[in-house]
1. Given +1 on the Cβ of Lys and Arg, -1 on the Cβ of Asp and Glu, and no further charges, what dipole in debye does the stretch 91-187 carry about its Cα centre, rounded to the nearest 20?
2. Might you report the magnitude of the Cβ-based charge dipole of the stretch 82-134 about its Cα centre, with Lys and Arg at +1 and Asp and Glu at -1, to the nearest 20 debye?
3. When the accessible area of the stretch 293-358 is split by element with a 1.4 Å probe, what percent falls to carbon and sulfur?
4. Return an integer: the convex hull volume of the alpha-carbon atoms of the stretch 242-341, in Å³ per residue.
5. Using heavy-atom solvent-accessible surface (probe 1.4 Å) with all chains present, what is the largest-first order of Tyr295, Tyr281?
6. Carbon and sulfur: what percent of the stretch 173-254's accessible surface (1.4 Å probe)?
7. Per-residue HN-Hα couplings for the stretch 360-366, Karplus 6.51 cos²θ - 1.76 cosθ + 1.60 at θ = phi - 60°, whole Hz, x for Gly and Pro?
8. From Cα pairs below 8 angstrom and at least 6 apart in sequence, can you work out the relative contact order of the stretch 202-335, rounded to a whole percent?
Amino acid sequence: MFLLQKKKYVPIILSVLLLTAGIVLTVMIYNSWDKEDLTVNNPTINKVNVNVQTLDLKSIIHEAEKNVIQIEAQNEESTLTGSGFLYNEKGDIITNAHVIHDADTIYVRTANAQIYPAAIVGLGENLDIAVIRVPQLSGKNYLEVEKDLDAEIGDEIIALGSPHGFQNTVTLGIISGAERNFSVDGFDYSNVYQISAQITHGNSGGPLIDRNTGKVVGINSVGTEDGTIGFSIPTKEVIGDIEKWSNEAQTENLDFTSTTDIIDTDSPEQFVEDAEYLIDYFLESIDIRDYVNAYTLLGSNMQSQTSYQEFREGYIHIVKLEYSDLNSETTENGVVKTTVDVEVESKLENKEKTDKKKLTFEFTIDYENDQLKIVDITDHQES
């Protein structure tokens with residue numbers, strides 16, 4: 001009887017012993033692994049390094065300037081100057097309603113000093129937003145508008161416009177307040193941004209640009225009398241109305257003014273001012289290495305004599321360009337001659353070093369097909 005019971009418990013004892021041995025072996029293996037570094041050959045998962053870069057301020061401003069528009073709205077009594085910006089491929093420009101709502105004639109000056117007639121696409125009644133269209137600007141690059149996200153207090157911003165007629169003036173600041181509500185001259189402003197950048201006469205309708213993304217987050221609209229505080233309408237709040245107006249408008253049904261009626265060729269002062277602006281924009285484009293933009297400022301005769309590739313090769317060696325005041329005069333044959341002293345830092349061919357030299361450029365500016373163009377450029381090195 002005892003022998004039979006002993007045989008009965010033998011399998012149980014063996015099972016317990018094997019289980020105990022397994023546990024001990026597992027603990028020993030784990031302790032061994034824990035003390036060793038784990039090496040993985042040909043891993044299928046790699047660490048992703050996120051490199052967040054802030055866009056270059058000078059590049060943001062230059063790209064924005066191409067699409068910022070000076071707007072001149074005229075009636076029998078006065079001319080009102082404001083700002084706007086190109087926002088789609090149709091040639092539509094966003095601005096403020098108060099800039100154009102009393103106008104009989106509307107025309108725009110682009111960053112490259114071209115002048116075009118404009119027509120109203122949509123106009124807010126209580127909302128200080130308007131859209132105008134310039135067919136000649138269709139298919140051009142335009143500013144990207146933020147449609148969903150809100151800017152936050154403390155965000156750095158760039159405000160562009162044409163205060164007092166000074167085209168493409170830039171002011172920097174931050175979002176200093178949000179959700180401001182008030183009424184001015186029959187327009188209601190709801191949930192607008194308060195900004196530290198100055199907004200004054202002529203800035204109205206210009207873009208408020210996010211410093212980090214380069215996108216338009218607001219339309220500059222109102223400023224205090226002392227110019228210390230500005231207010232900007234968030235694009236998110238009004239993009240629905242803007243897109244509705246734009247989609248419904250048919251260009252052939254819009255009322256445009258003749259371009260020949262709006263170009264004042266009898267004003268030498270304005271001619272010189274526009275010519276110097278064009279030259280300044282040309283030199284800025286060269287400095288920022290935007291050769292395509294600079295090439296578009298040349299007259300047709302210059303472009304026929306010099307290909308874009310040849311033009312680019314003539315300036316691509318320039319690393320830095322600085323220039324002083326422009327000196328201009330109107331000649332007897334009705335063109336503007338402008339001289340400017342330029343200090344050019346150039347990269348030497350096949351070398352890491354650069355060379356600095358002073359040049360004097362002479363530009364000739366004239367109208368071509370009712371538009372201002374650079375028709376000649378000469379330069380010589382100062383002795």
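1. With Lys and Arg at +1 and Asp and Glu at -1, about 540 debye.
2. Magnitude of the dipole: close to 220 debye.
3. 42 percent
4. Cα-based convex hull of the stretch 242-341, divided per residue, equals 194 Å³.
5. Tyr295, Tyr281
6. 42 percent
7. 3J(HN,Hα) across the stretch 360-366, in whole Hz: 10, 9, 10, 10, 10, 10, 8.
8. Answer for the stretch 202-335 is 13 percent.
The values are calculated or read from the model by the stated rules, or taken from the named source; none is laboratory data. Being a predicted model, the structure only gives us computed values, none of them experimental. Note that we place each Cβ from the backbone using ideal geometry, even for glycine, and neighbour counts take in every protein chain shown. Each accessible area value is taken on the protein alone, full model and side chains, heavy atoms only, with ligands, DNA and RNA left out. Shrake-Rupley method; radii C 1.70, N 1.55, O 1.52, S 1.80 Å.
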